[in-house]
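The values are calculated or read from the model by the stated rules, or taken from the named source; none is laboratory data. The shown structure was predicted, so the numbers you read here are calculated from the model rather than taken from an experiment. Virtual Cβ from ideal backbone geometry, glycine too; neighbours counted across all protein chains shown. Only protein heavy atoms, including side chains, enter the accessible area calculation; ligands, DNA and RNA are left aside. Shrake-Rupley method; radii C 1.70, N 1.55, O 1.52, S 1.80 Å.
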Amino acid sequence: MVWINKIARLAVLVALPAVIIACSISYKFNGASINYDKVKTISIADFPIKSTYVYQPLANKFNDDLKDIFTRQTRLQLVRSANADLQIEGEITGINTYNEAVAADGYSSKAKVTITVNVRFVNNTNHEEDFEQQFSAFRSDLDPNSLLPNIPDATIAEITKEITDQIFNATVANW
């Protein structure tokens, strides 16, 4: 009788890990709430710069980052068609640098850069979710002598990441 209990315990110890592995549940915490039965494709147009100041590396970085966030965090297929289930288009409407603080000598001691993007979103499976909205982000405490071409690439990357995250959350996260 004792040996039967030992065999039963051994069988449970061997079978339990197999059952746990087979019955795992997978969660993604990227915030996307997409019904993949209805929505399968997305079209993201290149965002041209339509601001007073044109800084071409920003346009390239922003367009690449926006497409990357949707291809990496969703299962949507990126297409170049007007018939896509989701469509995102717009333009970069503002690239501005501001003096933020003045030093004792009367010159600027800190600068701030702000980027603004206008986005038009169309959900061809549910037009109640369509919108046109502006998104912006900024970084401050920059060197006041940093005109836009001299702003560090890391700063531009931080701003574009923040704006693309805002667009992602507004379009597919439904927060």
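So the values come out like this:
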read-out: Net charge dipole size for segment 30-175 [Lys, Arg +1 and Asp, Glu -1 on Cβ; Debye, nearest 20]; value: 260 debye
read-out: Cβ-defined net charge surrounding L76, 12 Å radius [Lys, Arg +1; Asp, Glu -1]; value: +4
read-out: Chain lengthening between R120 and T41 when straightened (0.36 nm per residue, less Cα-Cα); value: 26.8 nm
read-out: Listed residues D85, D46 arranged by accessible area, highest first, probe 1.4 Å; value: D46, D85
read-out: Net charge contributed by nearby residues that have their C-beta within less than 14 Å of I163 (K/R +1, D/E -1); value: -3
